[in-house]
Amino acid sequence: MTDTRPLALITGASSGIGRELARQFASHGYDLVVNAEDESLESAARSLRKSGGEVRAVRADLRTNEGRFRLLDALDGLTVDVAVLNAGVGRGGAFVDTDLADDQEVIDLNVTATVRLAKPLLRAMVTRGAGRLAFTSSVASEMPGPFQPVYNASKSFVQSFAQALAEEVEDTGVTVTSFMPGPTDTDFFDRAGMADDTRIGTMKKDDPAQVAEQAFEAIVKGRSKALTGSLKTKAQGLAGKVLPDGLKAAAHRRLAEPQRGKDPDQTE
């Protein structure tokens, strides 16, 4: 890492929103530490190096203590100017049908890893009196999530956590941002088992590059919260502030409930 360029940490950077976020920071003069657990991280890092900055790839599974320690060890001695905790995972299906191990993985990555990484990163920033910490939340954070209950609840945690931290660090020189994308064209729905058999999996989705560009702007400007993506997603996020939970839950069910084997006349 150089002493002349700021440093950004991006987790979940091998694809999707995370990779596009890393591209944004690289193109704006940042060195990078990028993390993911899959083998495509190295190809992402090679592509990002074309922007001219230093890029350190740390392959680690943040669902595990070992993976989290590996990432923190790689940051030892570095000044992280911006940290974007973007890595996340979902699991679709009725709660009574999903494997408990899959539900636990959602909690381990979306909640536990978020807290365990945020603590040392934010402490260092507050001690220094400078820095930006950001979280990938979701418009799902504002609605109950039938057929995706643990994921939505995990994002509600992230959203509340981020907003609380933003208030705590006010006037310290540090900012905390949560940005809230909607359904985005990434491999999220494939990994969640929702790509082919749910309306949300097959519907048109937002461009991850657009989401990342808007998120980058919110982060560098120190905004505490931002809806990111298309106008449709922003409208959905605004509606989530005023609609009752029952209506939001029913709407989410129509999007996330598996359709295989259902009577088409009963799915509207």
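The values are calculated or read from the model by the stated rules, or taken from the named source; none is laboratory data. Keep in mind that what you see is a predicted model, and the values were worked out from it rather than measured. With ideal geometry, Cβ positions are generated from the backbone for all residues, glycine too; neighbour counts draw on all protein chains shown. Quick note on the areas: whole protein, heavy atoms, side chains included, nothing else; ligands and nucleic acids left out. Shrake-Rupley method; radii C 1.70, N 1.55, O 1.52, S 1.80 Å.
Could you count how many residues in the stretch 34-48 are farther than 16 Å from R68 by Cβ and open to solvent by 10 Å² or more (accessible area, probe 1.4 Å)?
Count: 7.
Any residue that is over 18 Å from the mean Cα position of the chain (by Cα) and surrounded by 13 or more Cβ atoms within 10 Å (Cβ to Cβ) - is there at least one of those in the stretch 203-221? Talk me through it step by step, then tell me what you get.
First pass over the stretch 203-221, keeping only residues over 18 Å from the mean Cα position of the chain (by Cα): 203-204, 221.
From what's left, surrounded by 13 or more Cβ atoms within 10 Å (Cβ to Cβ): none.
Within the stretch 203-221, none of the residues are over 18 Å from the mean Cα position of the chain (by Cα) and surrounded by 13 or more Cβ atoms within 10 Å (Cβ to Cβ).
Can you go through A256, A239, A235 and tell me which one is farther than 20 Å from A113 by Cβ and surrounded by 20 or more Cβ atoms within 10 Å (Cβ to Cβ)?
A256
Looking at (1) touching a strand residue (DSSP E or B) at 6+ places or on another chain (Cβ under 9 Å); (2) not in a loop (DSSP other than H, G, I, E, B), which is the one condition that is false for S14?
Evaluating S14 over (1) touching a strand residue (DSSP E or B) at 6+ places or on another chain (Cβ under 9 Å); (2) not in a loop (DSSP other than H, G, I, E, B) leaves (2) as the failure.
Provide a single number: the residues in the stretch 189-207 that are part of a helix (DSSP H, G or I) and in contact with a helix residue (DSSP H, G or I) (Cβ under 7 Å, 6 or more places away or on another chain).
4
Would you check which residues across the stretch 217-242 are part of a loop (DSSP other than H, G, I, E, B) and either in contact with a helix residue (DSSP H, G or I) (Cβ under 6 Å, 6 or more places away or on another chain) or at pLDDT below 90 (or both) and list them?
S224, G229, G240, K241, V242
Working only within the stretch 19-41, note down all residues that are modelled with pLDDT of 95 or more, outside any helix (DSSP H, G or I) and under 18 Å from L85 (Cα atoms).
Of everything in the stretch 19-41, those that are modelled with pLDDT of 95 or more, outside any helix (DSSP H, G or I) and under 18 Å from L85 (Cα atoms) turn out to be Y30, D31, L32, V33, V34, N35, A36, E37.
Being farther than 22 Å from G182 by Cα, without any contact (Cβ under 8 Å) to a residue 12 or more places away in the chain and assigned to a helix (DSSP H, G or I) narrows it down to one residue among A74, A101, A44; which is it?
After applying the criteria, what remains is A101.
Name the pairs: first residue in the stretch 172-201 and under 21 Å from R19 (Cβ atoms), second residue in a strand (DSSP E or B) and open to solvent by 30 Å² or more (accessible area, probe 1.4 Å), Cβ to Cβ under 8 Å, at least 6 apart or on different chains?
T177/R132; T177/K225; S178/K225; F179/K225; F179/L227; M180/K225; M180/L227
Looking at (1) closer than 19 Å to D190 by Cβ; (2) touching a strand residue (DSSP E or B) at 6+ places or on another chain (Cβ under 6 Å); (3) in a loop (DSSP other than H, G, I, E, B), find the lone condition where V80 falls short.
All conditions are met except number (1).
Contact list please: Cβ distance under 8 Å, first residue in the stretch 1-23 and more than 19 Å from F188 (Cα to Cα), second residue polar (S, T, N, Q) and buried (at least 23 other Cβ atoms within 10 Å of the Cβ), pairs at least six apart or on different chains.
Pairs found: L9/N35.
Can you report the number of residues in the stretch 167-180 which are among the small types (G, A, S) and surrounded by 20 or more Cβ atoms within 10 Å (Cβ to Cβ)?
Of the residues in that region, 1 qualify.
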